[in-house]
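Each reported figure results from applying straightforward, stated rules to the coordinates on display, with no laboratory input. All of these numbers come straight from a predicted model, not from anything done at the bench. Heads up, the Cβs are rebuilt from the backbone with ideal geometry, glycines too, and the neighbour counts pull from every protein chain shown.
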Amino acid sequence: MPSAEPRFRYRGTASPFPFLFSLRTILTIIVGMLALSVQAQEIYTGAIAISPSQRTNSWRPTNTLAPGDSANLSITVAQTGSDNGRNYTLHGNPIQHPPISSPPGSIIWGGNYSSLHACNAGNSPGTTTATVTAKWIETGSGGGGSGGSPSIIFGEATGIAQADIPVFSWSFDRPMQYADGSSPISYTVTGSITGRRVSMTSYTIKALVPEWTVTPDPLSSTNIRTGKITSINSAKSKMGVYYGERELARSTNEIAFAKVDLKIYAGTNMSGFENISSSNNTLIVGEQINLKAVIDVTNLASQATYQWVLPNDAISYYDENATSNPVKRLDSNQLSSNAITFYLTASNSAAPITCNVTINGSQFALSNSLNVVKPNVNLSATINSNPNAGVHVDQVYGFYALRFGYFLNPYLYGIRFDRSHIIEPVGFETADLCYTQIIQSSIENNNTVISNSLDNRFIYAAISYAADSPRTPLNVSTTDIFNPTRSPFTANDNFLMYVMYKPKLPNSCYVPLVNVSWSWGGTAEANLLHSSWTLKSSHSSTSGTGIETDSPPNWSSIYTNGN
């Protein structure tokens, strides 16, 4: 800043003695001579005078001075004057007395009696009083009287400067952002002293972390500083307000930049987690998938919350040994953890995976996709065309039953299932396949006696084909001919047969490939005295061709009494 010119000069015919008292609150580091590194803005001016008739006078700026503000005070010291009928003339030059600062060191002073510079040292708020004194001696007629000494009077002009550091208010549009060098955190900073807004034009907003880049916006108001912060490295810190190279204050809250990545466990080689973006991301249905949202700043990771959004076919696990509800769904605790384990049952070249990470109110949507492959298989269901395998009434071990097929003869099955043309994706050629059958319903005389039950066991058959010859007891033995409670008797059963697949990978689970529906039923009537039963009507049907499915068979019970 240009040094202030001395303004010690005479004014008018009264031969006044003008004195400039310049108060500047500039935060600088003083080495040797006083250097003003930032241009102060003069916002207060004042003028006072002292003379023999008004020997004391003082002035202070209207408001407390903030860094970057300045106040100029011109003091006029009269060359001559009178008081109580006596004439006086200024004796010597006015004297500048050392300023008194409270607390000491709060303001640094420089200059001389004709031009003073008051600089806020930035150590603490403070008040400084600078005093200029003058001495007048009596002159003219009667001076001293009867040989006595002439009368001497003293005057005092006082300038009071109060310096303070503003209270800065910070706001950030978000407390955290990606450390990618382009995603910003926007800031707004204002300053005030005792509730009065101060100009922000002399201040600079800086990051306390060297890796951060601060880009100020063009000034739209002298009372507001706005801008953006970006970073390519992870860090957590506060921001600072600077006047020149001197730090005035720091933001109350910290902001942070971090690298938040979605990682996947390399399932085939078990080498650990790697960035999902760098993985080949090709998986197969039934394979265990392990994902993790990773935040590279430890103290931020502990503050984070997570919410996973997975494809609709995602399940927690499929428990083939469960007595009921084998499909285990992902619960809220699993979906809100930083790491998640799950399985997919559907093929999808771009299965969407998202983890919404929230840290101190900032949300990061980590998204990627997986290439999920699935084997292809053909499934056919064939109803036996042999007349002896159709729906009929038989008698085994003394009990009558409605039966579809003949279970004692493997060639007289009621229905047969065959799978063929299995095409397994490259790299996933080894797996376990089996048949699993669900009894959707078994209805006797319009009463549902079985519903959504696993037919005996999970692995209905483990070879390339399966067959079934179901029966429904008529509950009348040859010796119980006087119990006509079930005549006529009607049975209707509905089934779903699945082909299940399980890749030979660690911790994998069964998933469905195809299913086929089929049903059978009939009506039998007891003869006179119920000594025997006669088939009155029957039916059997199947969809014939398997339909691809992604929904695993689910059961509420296990039916274990059938053949």
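Per-structure values
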{"read-out": "Gain in span if fully extended, E245 to Q363, counting 0.36 nm per residue against the direct Cα distance", "value": "39.0 nm"}
{"read-out": "Computed lengthening from F399 to N507, 0.36 nm per intervening residue step minus Cα-Cα distance", "value": "34.2 nm"}
{"read-out": "Check: segment 260-373 dipole with +1 on Lys, Arg Cβ and -1 on Asp, Glu Cβ, in debye", "value": "140"}
{"read-out": "Per-residue HN-Hα couplings for segment 217-231 [Karplus 6.51, -1.76, 1.60; θ = phi - 60°; Hz; x = Gly/Pro]", "value": "7, x, 5, 9, 7, 5, 9, 9, 10, 10, x, 9, 10, 9, 7"}
{"read-out": "Whether segment 335-388 is rounded, prolate or oblate, judged on the alpha carbon gyration tensor where a/c under 1.5 counts as rounded", "value": "prolate"}
{"read-out": "Of T282, N312, T345, farthest towards positive along the dipole that unit charges on Lys, Arg, Asp, Glu beta carbons give segment 279-348", "value": "N312"}
{"read-out": "Neighbourhood charge, 13 Å Cβ-Cβ cut-off, centred on D319 and excluding it, Lys, Arg +1 and Asp, Glu -1", "value": "+2"}
{"read-out": "Length gained when the stretch N452-T323 is fully extended (0.36 nm per residue, less Cα-Cα span)", "value": "45.2 nm"}
{"read-out": "Proximal charge balance of P166 [Cβ under 11 Å; K/R count +1, D/E count -1]", "value": "0"}
{"read-out": "Pairs beyond 32 Å (Cα-Cα), from K236/K328; K259/K502; K259/K374; K328/K504; K259/K504; K292/K504", "value": "K236/K328; K259/K502; K259/K374; K259/K504"}
{"read-out": "Net charge, T56 excluded, C-beta distance under 15 Å - Lys, Arg +1, Asp, Glu -1", "value": "+1"}
